[in-house]
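Visitor: Following this message is one structure expressed as structure tokens.
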Amino acid sequence: VRMGSLRLIHSMTPHFYERFLPPNLRVEIITFDSPTDGKNAVVTRSVEFGGFGIAAAILGAAAGEPVVVAGAFCNRGMGVISRAGSDVRTIADLRGKRVGIWPGSTQEVFIMERLRQNRMTIRDITAVRVPFGEMHAMLSRGDIDAYVGAEPGPGLSISSGVGQLVEYPYDTAMGGLNMIWATSEAMVAQDPALIRSMLGVHRRASEHMMANPREVADATVRILGAPRAAVEQALGAGNVEYIWKLDDTVQTQARTYAQHMLELRQIRQLPNFDTFLNPRFSNEVATS
């Protein structure tokens, strides 16, 4: 089984799958740097399953691509960070500042909503297109005044003294929704038993990780080469939550998220939620 994953601390769950696999399954982890690449791999069946941002999933589904959200993957994992000692301490302080944002990311939708809540729009800041992996370095050099990043970037900036926390941007109707566990419509039709089995593995791995944060830190440092101080900052602050269940809360947040994307004109129409959100397998795993 090929499982797509991102190069992020909150995308570490597949690296814990092996100990929970049934005897007849083996998993090959395919790592992507972009959520869109992860989504495309699921859609084209280059991988059977993938964990990536809800934004990428909605972008695909709204365009008619056969992506199916069958489970949840992680909450939180985001952070709005400014240069240490600067006067940027709240969202309102971002006005007129250069802010690193990765277009099409979950973080972009969250910061757009937080700006709206502060009676601002994207036109009130200078948005700079920056990949997650470069945000800390650009902040350190002074190329940007702040960024909306993904862990371990915020943890690295805070722990190194380069940056300061503006906020973890979860005070919206979208909560801490970040990444989802996805497959394709073809997989749903052809091999529902495999989806159920792999989501069960994902559940056990997620629950183990939440109960054993030190193991998660060790694996993240070893596999991603992330600085331990950054990883421990993120985990210690509770800014990473590994989840698996596609429950009513996650589905409601996903629908709210899609509505925000429609209002922001990031999508032209809402996905067909009847096929896009499929809680069947999550419900079956929950009762097994």
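Visitor: What about His208, is it part of a helix (DSSP H, G or I) and at pLDDT 95 or above?
Guide: Criteria met by His208.
Visitor: Could we say that Ala92 is closer than 28 Å to Leu262 by Cα, open to solvent by 10 Å² or more (accessible area, probe 1.4 Å), out of contact with any Ser or Thr (no Cβ under 8 Å at 6 or more places or on another chain) and not charged (D, E, K, R) here?
Guide: Spelling it out, Ala92 is indeed closer than 28 Å to Leu262 by Cα, open to solvent by 10 Å² or more (accessible area, probe 1.4 Å), out of contact with any Ser or Thr (no Cβ under 8 Å at 6 or more places or on another chain) and not charged (D, E, K, R).
Visitor: Here's a follow-up. Can you work out which of the residues in region 273-288 that are loosely packed, with under 15 Cβ neighbours inside 10 Å and in contact with a helix residue (DSSP H, G or I) (Cβ under 7 Å, 6 or more places away or on another chain) is farthest from Pro103 (Cα to Cα)?
Guide: So the residue we want is Ser288.
Visitor: Only residues that are open to solvent by less than 60 Å² (accessible area, probe 1.4 Å), among the hydrophobic types (A, V, I, L, M, F, W, C) and part of a helix (DSSP H, G or I): list them for region 211-228, please.
Guide: Hits for region 211-228 are Val216, Ala217, Ala219, Val221, Leu224.
Visitor: Mind counting the residues in region 114-139 that are in contact with a helix residue (DSSP H, G or I) (Cβ under 7 Å, 6 or more places away or on another chain) and under 18 Å from Pro35 (Cβ atoms)?
Guide: Going through region 114-139 one residue at a time, the tally reaches 3.
Visitor: Report yes if Leu246 is open to solvent by less than 70 Å² (accessible area, probe 1.4 Å) and either assigned to a helix (DSSP H, G or I) or touching a Lys or Arg at 6+ places or on another chain (Cβ under 8 Å) (or both), otherwise no.
Guide: no
Visitor: Please find, among Ile180, Ile111, the residue that is open to solvent by less than 20 Å² (accessible area, probe 1.4 Å), of a type in the set (Val, Ile, Thr) and part of a helix (DSSP H, G or I).
Guide: After ruling out the rest, the residue left standing is Ile111.
Visitor: Shifting gears a bit: Taking strands (runs of 3 or more DSSP E) that do not extend beyond region 1-83, which have at least 1 residues that are among the basic types (Lys, Arg), open to solvent by 10 Å² or more (accessible area, probe 1.4 Å) and at negative phi?
Guide: Once the strands (runs of 3 or more DSSP E) in region 1-83 are filtered for at least 1 residues that are among the basic types (Lys, Arg), open to solvent by 10 Å² or more (accessible area, probe 1.4 Å) and at negative phi, what remains is 2-6, 78-83.
Visitor: Take region 134-177 and flag every residue that is among the β-branched types (Val, Ile, Thr) and either open to solvent by 30 Å² or more (accessible area, probe 1.4 Å) or assigned to a loop (DSSP other than H, G, I, E, B) (or both).
Guide: Across region 134-177, the qualifying residues are Ile144, Ile158, Val162, Thr172.
The values are calculated or read from the model by the stated rules, or taken from the named source; none is laboratory data. All of these numbers come straight from a predicted model, not from anything done at the bench. Ideal geometry is used to build each Cβ from the backbone, glycine not excepted, and the neighbour counts take in all protein chains shown. For accessibility, only protein heavy atoms count, side chains too; no ligands or nucleic acids. Shrake-Rupley method; radii C 1.70, N 1.55, O 1.52, S 1.80 Å.
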